[in-house]
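Trainee: This is the structure I want to talk about, given as C-alpha cells.
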Amino acid sequence: MQMPIVITEQEFQKGKELFSSFPQYRWKVSDPSEASVAEAIRVSGARIAVLGTERYQGPLYKALAENATGGHALIVRYGVGFDGIDTGQCKTQGIFLCITPGALDESVAEHTVALLLSLARNIPFCHGEFLQARFTRRTGFELAGKTLGLAGFGNIAKRVIEIASLGLRMRVIAYGRTPLERKAASEGLGPEEYLTRYHLSGYYTDFDTFAKNLQILSLLLPVTPDTTRFLNRERIELLPRGTYLVNTGRGKLVDEGALYDALASGHLAGAALDVFTREPYVPESGEKDLRKLMNVVLTPHIASDTQEANRNMQEMILRNIEAFLAGEFQKLTTAPGLESFR
C-alpha cells in the first residue's frame, strides 16, 4: 500500500524525477496555500507534508494531527529556515518538524559572493543598459582590501569567509552573540587561534563596534523573535555612510522601509537582496518600492536554488521520511528546539 504524502507544487516540480522513483509513496501535489494543503491532507489521509517557505498558521496542523490518530505526524521543510511554521502547534500536536541542514550551504555562500561582485561592478545596471543598445559604463570598485562584516557565523558564513578572504583577499569580521573566548574554547582553541582558523580579522559581540569597522554588511542570521527586523533604522544609522548591504539570510531580518530610506538618501550606497519580508515581493509601503531604486540588485530567493542544492535537499527529505516511517526518530534532522519527540 502506498503511503500518501502531501507536497507543495514548486517543491515537487524541483524533485519530480527523484520523488517519482519511490513507488512506495503516493505524492499528493498541492497549491501552497494553507487551505489547499490542509484539504489535500484531509482528502489523502496523509500524515506527512513537504512544504516550501509559505506561512502556515492553523488548519495544516489540525489536519495532520487528525490523520496521525494519536501518533506522530511529520512536516519536512524544503530548506533550512522554518519561520513560516508554527513550532508551538508542532509541539502541542505531536508533529515532527524537519529541515535540510547543510544541503544548501555552498549554493547560498556562492550566491552571496555573486551579489557582492554584482554590487561592486554594477553588473545588473550595465547589462540593462546594454540591452537598451546603450554602451553605458559605471565605475565600480575592487573587493580586495575591503572589509566585509558578517552578521551570523554559521556554516554558510564560514564558507563565505573562505571565498572572500582567501579568494578575493578581503578583510572579514564577524558579529555574534556568543563571546569569542567561549566559541574558541568550545573547539579547544585560544581566541587568536580561532580567528586564524576561520580567516577572521575580528569578532564582535557589540553591534555598534562591529558596524563602525565594516564597509559591506552581509546578513546570514536565522529569524527568531530576537532577530526579526534586526537591521532596523537605528542599526542602519550606525553603519558608516556609503556602506553596502547583502542579505541572503531572511527577509524578516530587515526593516524594508528604513532600508529604502537609507538607500534613497545615500546613507547606504547599495543593497543586494535575495530575500524579502513578503514573497513574492510586495513593498511594505507603496511609496517605498525597492524596485524603483537604481542602487539595488534584487533576486527572487534563488540563493539555494541550484541543481546540487536541490538534489541534496531532496535526498535529505527522503531520508527523513524513511526514518519517520521506520520509527527511527533519532535519525531525523529536526529543527532546533523541536527534538523532544525523539
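Trainee: Quick check on residue 293: is it surrounded by fewer than 17 Cβ atoms within 10 Å (Cβ to Cβ), closer than 30 Å to residue 124 by Cβ and out of contact with any Asp or Glu (no Cβ under 6 Å at 6 or more places or on another chain)?
Mentor: Answer is yes for this residue.
Trainee: Can we say residue 68 is modelled with pLDDT of 95 or more, within 18 Å of residue 320 (Cβ to Cβ) and not aromatic (Phe, Trp, Tyr)?
Mentor: So residue 68 passes the test.
Trainee: For residues that are under 19 Å from the mean Cα position of the chain (by Cα) and buried (at least 17 other Cβ atoms within 10 Å of the Cβ), tally how many sit in the stretch 278-289.
Mentor: Qualifying residue count for the region: 1.
Trainee: Helices (runs of 4 or more DSSP H) wholly in the stretch 1-106 with at least 3 residues that are more than 18 Å from residue 279 (Cβ to Cβ) and touching a Lys or Arg at 6+ places or on another chain (Cβ under 7 Å) - which ones?
Mentor: Per the criteria, 59-68.
Trainee: Related question: Please find, within the stretch 304-322, the residue that is farthest from residue 3 (Cα to Cα) out of those that are in contact with a strand residue (DSSP E or B) (Cβ under 7 Å, 6 or more places away or on another chain) and not polar (S, T, N, Q).
Mentor: Residue satisfying both the conditions and the ranking: 317.
Trainee: Considering each residue of the stretch 206-234, count those that are under 25 Å from residue 300 (Cα atoms) and of a type in the set (Lys, Arg), and give that number.
Mentor: Result for the stretch 206-234: 2.
Trainee: Hey, among the residues in the stretch 290-306 that are under 17 Å from the mean Cα position of the chain (by Cα) and free of Cβ contacts under 8 Å to residues at least 60 places away in the same chain, which one's nearest to residue 19 (Cα to Cα)?
Mentor: 300
Trainee: When the residues of the stretch 1-46 are narrowed to those that are surrounded by fewer than 18 Cβ atoms within 10 Å (Cβ to Cβ), in contact with a helix residue (DSSP H, G or I) (Cβ under 7 Å, 6 or more places away or on another chain) and small (Gly, Ala, Ser), which ends up nearest to residue 69 (Cα to Cα)?
Mentor: Among them, the one singled out is 45.
Trainee: Output the residue which, of all residues in the stretch 307-342 that are free of Cβ contacts under 8 Å to residues at least 12 places away in the same chain and assigned to a helix (DSSP H, G or I), is farthest from residue 72 (Cα to Cα).
Mentor: Among those residues, the one meeting the criterion is 307.
Trainee: Something else now. Looking only at the stretch 7-47, count every residue that is in contact (Cβ under 8 Å) with a residue 40 or more places away in the chain and either under 23 Å from the mean Cα position of the chain (by Cα) or not assigned by TED's automatic domain parsing to the domain that holds residue 84 (or both) and tell me the total.
Mentor: Result for the stretch 7-47: 6.
Trainee: Next question. Looking at the stretch 304-312, is at least one residue out of contact with any Phe, Trp or Tyr (no Cβ under 9 Å at 6 or more places or on another chain), crowded, with 20+ Cβ neighbours inside 10 Å and at negative phi?
Mentor: The answer is yes, given that some residue of the stretch 304-312 is out of contact with any Phe, Trp or Tyr (no Cβ under 9 Å at 6 or more places or on another chain), crowded, with 20+ Cβ neighbours inside 10 Å and at negative phi.
The values are calculated or read from the model by the stated rules, or taken from the named source; none is laboratory data. Predicted model only: the values in this text are computed from it and were never measured. For neighbour counting, all protein chains shown are included, and Cβ atoms are generated from backbone atoms with ideal geometry for every residue, glycine included.
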